[in-house]
1. In Å and from the alpha-carbon atoms only, list the Rg and Dmax of chain C.
2. Computed FRET efficiency, Cβ-Cβ of residue A:43 and residue C:440, R0 45 Å: what is it to the nearest 0.05?
3. Rounded to the nearest 0.05, what FRET efficiency do residue A:197 and residue C:330 have when you use their Cβ-Cβ distance and R0 = 25 Å?
4. Cα axis of helix C:175-189 to longest principal axis of chain C: angle in degrees, 0 to 90, nearest 10?
5. How high is the FRET efficiency from residue A:222 to residue A:343, r the C-beta distance, R0 30 Å, rounded to 0.05?
6. From the mean inverse distance of alpha carbon pairs (Kirkwood) and the Cα radius of gyration, derive Rg over Rh for region C:296-443.
7. Helix-only mean residue ellipticity at 222 nm, chain A, DSSP H runs n ≥ 4 weighted -39,500 (n - 2.57), per residue, nearest 500. What is it?
8. Mean separation of Cα pairs under 8 Å and 6+ residues apart, divided by the residue count of region B:49-137: what relative contact order is that in percent?
């Protein structure tokens, strides 16, 4: 292979630059430097193309290329025509389809005509045989490098950057400190509140009715038959100032099982109402809405990362990356028979965060 | 817009529903045409059962005994293999048998749609028979199944909130646990879609009339019909599976085609 | 070119006079002639795989063009509006101005949907072609000195491209992208110590807030593109300085470049190729739907769609999240440690770091300080190729895991089965891929050696005068032979004491890695071997 690289020291004590004056050669490291390699046979003979030999074919190819360019013109014109011939009629989806399709096809022809034509021109009519260019080492010449070193030496001498340590260190210190204001400035990317406090509360509070998502109409306990699943938001959420943010924390899934199917743990005996249970819909993994409720297995599946929760066992995780059960919303009914929350969730809902347990 | 939708529906659906007044007409037809059976299912206080209805129950009973009783029990009481059918109603029967899910062919994670085993009349007889053994949800009235005159945008929103998590926003279907899946909804008939919401077949939750009112169910059906009948504006949908099929497409066909072009581009011309 | 002398004698046409004057005008003000002289006849080697970087470059230009069109109509605001456009199933629905303007672009502006689809398809192609380009560079060893830095810049471009993709994907504020942001929010919150605050500041309050779209927008259309353009500039400048690599071939050495000159052949090809790429993207965009946000609907924290996935290039991260076994979260000292998020982040971080620094790692192992301009055939660097195959497998498993639910429904499997298989494959797949690839490479090398020494089996059986039957082997000509025998060969590092007579731990470690890389090397055929084998045959 490369002659001027092949014959370096032949050393296997790799990693050491063999410094030489003039044209420096570099260590080959653990490369085996061949002493008996098969010689490079040199370039194969040039094989002329048909277009090089036959002027008729050359002419024919020229016509072919220009045909492609003409087709391109046709395509571009067709695109302009399509813009007017296939307008969008508001509400008519077929018209949008036609507009997109024919405009697109016209432009496609306009572009491909030029592209294929130019490439064919290059391949068939431009110089056919390879040319050779010599490489030179990427490293600058010794002279240039010496000049560059000199520039820095002069600069250093003049400024005293190396010599005046106090000056240098104080400059570095100043440069390190300057970005600090920028970091502080980013604090107001978000409002003044503490996110930890915010994350620990939701819109739910004692006595608040459970209502249908999205209409906001209240739900009676008698509305739920066994196997029902209601998507629930708190009463008044639709009129709240931060509707979406609150909804992102307060969304609840309400289902009814046979009371005997529920395994209720101590302290949660009065959190369900006659087999009706409400769980936060926000996954404890990374926060997707978990609402794929299977009414026979009572499994809840998150469609994003496949965590599964068992509603019978207070939404315990039975599969997937989530760790914690979905938080349960304690519910009961009011005097009119509407389902209401007994309180807010008793733990932060949604994905885990650092200060969650604090 | 409305007329366009109507025109579109006329093209693809050769039967009925031609006139804007169709809703009204269908309301009447719905009440009168299927009146006998309809009244029988919905009201427990049926004044008089006609002889033909009795015959229907009898035929249904025979069909049930021959085809369903092995698993569901002669008195619909259910066995270890299958649930009781008392109280499931005509709607559930019509859905399960009418989509070919029942009778079950092989036991798997769930009963799947397959070629229907019975004629329309036989299915009706079975439904009437099951309903006669215990009150349950009835076959929906045609007025809710037209897919016209209802609020398509409300239907779309309700669909996203109540259905899309399992059936996918475009109704392309999706996976459930342990090998079960929510089927794709393209070309599901309005009646079966309604019955599925009403009865919650298999693992699908029940969306009774207090959760989604009949009008809201009709809104959802209108949206499903819109999805079925409106051309995809962007072009081929690649199965409406979202970014996964788009990614595979660009790697296999997009980049594949471009690599083929680079080979042509760099090949020596002769 | 050959007609140049003739032109001097003939009177110039008006066009020629104009061109000459214009060129003179520009050169007298820019000294551009120097640049043209330098670059105009630069040589570019021809190989299909050398065009992949160009695909990335051109799709980026397409992205810039179509993206600029979209900015004229897109409204990067999360102000709630009631949609009153022409898509019936969303009429009257509350959504952000971003979503509403995206719908308007799609349904009420002629060519708007086409431009959206061009933009999105081009974006997918952009990242995909960068990926394929990186694979080509990796497997041919084109990252070796002097190109290590350019590999790293290319790697940075890949990361930036993914960032561009993700910020763009999030802009329409539709249900799919909103849930994507929800996942990002959840992941950020899982980062120890700073996670909660980073999420809070990023979203300008609690998720989703009203700021994220406009913030991502400014990153998407200004900051990230500016950095990408700068990085592409450096990438191409280094390409010109280093000159392109070439595959071994007769006449080609480490000290020359063989191919066609920029002017005119390569320029015509490359320019034409840009139009072809643009055309192919436009063809796809006019016939295939992508990201139909109207089907997804506006973002709302309550609904979600089955089959919620990110665009393909984020898939590996999503897959990593899915593959975490249950229960990886704990509380220590009162703080919550979400290892179900930390672990994927760390693993992906390590994976990405190995990709970024691989050239420096290999350079350290070989200690080879020479410049390398001949691209390796993958088989001639078996360990590198095997490591690459293992990396590709690792990535592919994560990617597949990101579509676990679709794999389950489409192949009638259970989600649990798919996840468990992917978990096993993530660990064993790369190991298996490594060994298979290494064996295949060594096998191919042996075959090359065999062919170089004894020629091809011609299938022709000849009976020799003394009755022996032999199969005639057809010898290679010198040009074919050269392709098989010209490659770099390394041997394992021998541990030797340094000047103080010590053997350092670093030295030992390097020696063991070097042994792993090169112990079962197959040396290229030497001239002597060729001659010996010729003697045997005669």
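Every number here is computed from the coordinates shown, using simple stated rules; none is lab data. Just so it is clear, the structure is predicted and the values come from calculations on it, not from any experiment. Heads up, the Cβs are rebuilt from the backbone with ideal geometry, glycines too, and the neighbour counts pull from every protein chain shown.
1. So, for chain C, Rg and Dmax equal 28.9, 97 Å respectively.
2. 0.90
3. Rounded to the nearest 0.05, the efficiency is 0.60.
4. Once rounded, the angle reads 80 degrees.
5. After rounding to 0.05, the efficiency reads 0.85.
6. Using Cα coordinates only, the ratio equals 1.07.
7. Only helices count here, giving -11000 deg cm²/dmol.
8. Reported as a whole number, the value is 39 percent.
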